[in-house]
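The values are calculated or read from the model by the stated rules, or taken from the named source; none is laboratory data. Worth saying up front: this structure is predicted, and the values here are computed from it rather than measured. Here Cβ is always computed from backbone atoms with ideal geometry, including for glycine, and neighbour counts include all displayed protein chains.
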Amino acid sequence: MRLLQKKVCMAGAFAVGKTSLVRRYVESIFDERYQTTVGVKIDKKQVKLDGLPLTMVLWDLAGEDDLAQVRASHVRGAAGFILVVDGCRAATLDTAVLLQQRIMDETGPVPFVLALNKMDMAAQWEITAPAVAPLVARGWTCTRTSAKDGRGVEEMFLSLARKMLEPKE
């Protein structure tokens, strides 16, 4: 049986929780201290989907608050990506929408998931269901996650893995 390997890019605004989501998924830990990603950090996670072994190569990209050009070299070859949004900062959703288009321009149509992160802080959320509804209507997969307590993290990554393994039409 051949081992599949798929590149997954984590993208989003500055301080939305990209690194924390990767650490929660790969190492099952959360660290309160903020860690700035410079450039890109790469981790791997092996999973089995329907008995099929898959290695997810997770590219944690530096935050894109200034919406500088998405580095083509970082997203090139991606089989999928996760757009991470901070539920407590509405502007991060706007950033994610712009990043989605830039990434798709570079990669072509690849599967992606929108992670509405920090659901452990739901009382402070600025992003509402009506704000996300138009994206869902366009076919976006949106999941709520918490890197801090782990809710939704495993499910989000596995959802993307399933989408990446679906046969192309």
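Numbers below:
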{"quantity": "Output for the range 118-146, where each listed residue is in a loop (DSSP other than H, G, I, E, B) and over 14 Å from the mean Cα position of the chain (by Cα)", "calculated": "TRP125, GLU126, ILE127, THR128, ARG138, GLY139"}
{"quantity": "Residue check, ALA115 in a loop (DSSP other than H, G, I, E, B) and either within 18 Å of ARG23 (Cβ to Cβ) or modelled with pLDDT of 95 or more (or both)", "calculated": "no"}
{"quantity": "Residue selected from the range 124-152 under the condition surrounded by 12 or more Cβ atoms within 10 Å (Cβ to Cβ) and touching a Cys at 6+ places or on another chain (Cβ under 9 Å), by the criterion nearest to SER20 (Cα to Cα)", "calculated": "TRP125"}
{"quantity": "Members of the range 114-128 found to be out of contact with any Asp or Glu (no Cβ under 8 Å at 6 or more places or on another chain) and over 15 Å from THR92 (Cα atoms), listed by number", "calculated": "MET121, ALA122, ALA123"}
